[in-house]
Amino acid sequence: MVSVDKTSPNPVQTGVATTSFAVTHLISVAITSPSGGANLYRGSGATITALLSDARGLPVTTGSATATTPKGTLPLSQTQPGSYSGQYLIQLGDAIGPWNITVTGTLVGGNYGSSSTIVTISSAQLIVLGLATTNAYQAPTSDFNPGDSLYATFRVAYSSSGFLGQGAFNLQVRNPSGAFVANLTSIYDSNRGLYYTPSGFQITSGDPGGAWDLVFPANSLNDSYGNSGPSTPVTYRFQVHQPVSPVSTISPFFYAVIALAIGGGLGTTVFLKRFNETTRPFDDLFKLTGGELQPPMSLMLAGNAGAGTSTLGLQLLYRDLKAGKPCGLLSYDAFPSEVQKRMKGMGWDITPYLEQGDLRVLDIYSALAGVESGTIRDPTDFTEISIQVTNMLDKTKGPTTVLLDSVTPIFNSAQAKDCVNFLQVIAAKVKNSGGKFIFTSTKGSMPEDARLTIESLVDGVIDLNLVKKGKSLTRFLQVRKMPGREISSAETEFEMVPGKGILFLKQRIPLGFPAKK
């Protein structure tokens with residue numbers, strides 16, 4: 001407080017000291033978001049928040065604030081006493097590089113203050129989604145014979161949000177030796193909301209049989225603003241079949257066993273069937289899938305309640321952990337401690353992997369159970385979960401296997417279209433990092449149109465089925481879809497053994513008895 005006795009001697013008197021002073025009232029501005037040096041991407045939203053206080057350190061509640069953006073000025077609204085905030089959607093065409101964010105606060109009467117921070121705007125990544133092949137009748141297939149024509153469809157998404165809907169892109173066709181064969185030019189179909197190749201690639205009798213690839217090389221896609229992608233090559237595998245001369249060999253021992261079964265009557269047949277049945281290791285799964293599950297890929301495990309989808313997903317996860325691959329678990333179905341206990345009961349101790357950071361778990365089930373101590377407060381806050389998945393991938397070393405167990409609570413709590421989009425985004429993030437995205441689903445938990453959409457977008461589908469006959473329960477597994485593989489689509493019986501996990505049941509010698517149904 002300044003007290004003035006006299007403004008000036010009046011009349012002028014000698015010996016009276018005089019002076020002058022200026023009164024100013026600056027507002028203190030502190031930018032709390034985004035933090036200086038942050039890397040922001042085109043197409044994403046930037047939340048700008050600042051705290052305004054007066055000379056006494058009290059919140060400014062009657063003022064106003066604005067922030068500078070690449071396009072001009074953004075008004076900030078007061079969200080709490082003294083806290084002003086606003087959201088700016090970084091445009092796909094905003095200049096790449098430093099963005100000087102200056103927040104200015106003002107009070108009636110001309111009092112003001114400002115503060116600045118510098119962030120960096122980076123280009124958005126273009127991500128290829130749902131790359132698949134069809135025949136000339138637009139029927140989805142990955143198997144082709146001489147005379148068939150192959151066509152491709154796919155979508156292009158931005159890593160931040162939204163889809164690209166213009167431009168034309170080349171898709172490479174490579175033969176089994178990896179040599180370039182041809183380019184397929186794709187254009188956008190606005191009615192279907194995807195890119196397609198109007199001119200197909202015809203398979204000839206001179207083409208080598210085996211696994212061929214459709215390939216988008218790294219950074220081969222660009223939009224009109226200079227955003228590019230994918231960051232790593234995207235590959236889709238399809239199979240070319242050439243006629244071969246059938247060779248049939250039957251072991252003489254096979255005839256001996258059949259003769260014994262027939263000659264011995266029904267009792268001998270039943271005895272032989274039971275004696276002939278043996279368990280096979282979990283890795284027999286990859287005989288059904290046509291080989292190892294090669295990243296980048298997305299895989300859907302679907303089954304009725306109790307069929308074993310969670311067990312299969314966790315066993316695949318543990319197998320990759322043992323192979324030295326970083327993994328992540330999005331737990332929608334149980335508390336992480338319960339998952340850890342369940343896995344230990346199957347003989348899979350994940351404690352060392354958790355301690356070393358090779359396995360990272362995002363607890364979403366706590367939010368479903370009403371426990372507020374978890375990282376995720378809302379199980380349907382797909383934006384926050386997506387951010388946490390990005391953080392998980394950033395912290396891991398190399399391509400990561402991510403298991404989401406399961407999607408059933410998602411479809412019970414949110415709109416189906418939002419759930420499908422969420423799964424697309426997570427799959428794209430994981431595959432873009434070169435990893436595998438696996439998720440489990442209970443049959444009947446999602447609308448039929450959503451299920452068909454998801455099955456068309458994922459790379460692989462494995463069905464599990466629990467069949468009850470009398471007092472016994474039997475489990476079957478069927479591989480329905482794998483990218484560019486010769487798969488075995490026969491139903492295969494399996495059992496879940498404590499301490500061992502999933503084991504497949506197989507006849508020592510193929511006697512040809514009817515399978516259990």
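Among all residue pairs at least 6 apart or on different chains, which show Cβ distances below 8 Å where the first residue, located in the range 443-454, is assigned by TED's automatic domain parsing to the domain that holds LEU466 and the second is β-branched (Val, Ile, Thr) and in a loop (DSSP other than H, G, I, E, B)? Close Cβ pairs satisfying both conditions: SER445/VAL407; MET446/VAL407. Return the residue satisfying two criteria in turn: it lies in the range 319-367 and is of a type in the set (S, T, N, Q), crowded, with 18+ Cβ neighbours inside 10 Å and not in a strand (DSSP E or B), and of such residues it is modelled with the highest pLDDT. Per the stated criteria, the residue is GLN340. Residues that are more than 22 Å from SER160 (Cβ to Cβ) and either among the charged types (D, E, K, R) or loosely packed, with under 15 Cβ neighbours inside 10 Å (or both) within the range 376-403 comprise ARG377, LYS397, GLY398, listed in sequence order. Restricting THR474, THR440, THR492, THR453 to those that are out of contact with any Pro (no Cβ under 8 Å at 6 or more places or on another chain) and under 18 Å from PHE382 (Cα atoms) reduces the list to THR440. In this structure, ILE364 does not qualify as β-branched (Val, Ile, Thr), within 21 Å of GLY501 (Cα to Cα) and in contact with a Phe, Trp or Tyr (Cβ under 9 Å, 6 or more places away or on another chain). Quick one: which residue in ASP207, ASP223, ASP189 is among the acidic types (Asp, Glu) and free of Cβ contacts under 8 Å to residues at least 60 places away in the same chain? Sole residue among the options that is among the acidic types (Asp, Glu) and free of Cβ contacts under 8 Å to residues at least 60 places away in the same chain: ASP189.
Of the residues GLY82, GLY93, GLY97, the single one that is loosely packed, with under 15 Cβ neighbours inside 10 Å and without any contact (Cβ under 8 Å) to a residue 40 or more places away in the chain is GLY97. Of note, LEU317 does not satisfy the criterion of being touching a Leu at 6+ places or on another chain (Cβ under 8 Å), of a type outside the set (D, E, K, R) and closer than 27 Å to PRO447 by Cβ.
Here the strands (runs of 3 or more DSSP E) wholly within the range 23-88 that include at least 2 residues being of a type in the set (A, V, I, L, M, F, W, C) and more than 30 Å from SER159 (Cβ to Cβ) are 28-33, 45-53.
The values are calculated or read from the model by the stated rules, or taken from the named source; none is laboratory data. Values in this document were obtained by computation on a predicted structure and should not be read as measured data. Please note: Cβ atoms are built from the backbone with ideal geometry, for glycine as well, and neighbour counts cover all protein chains shown.
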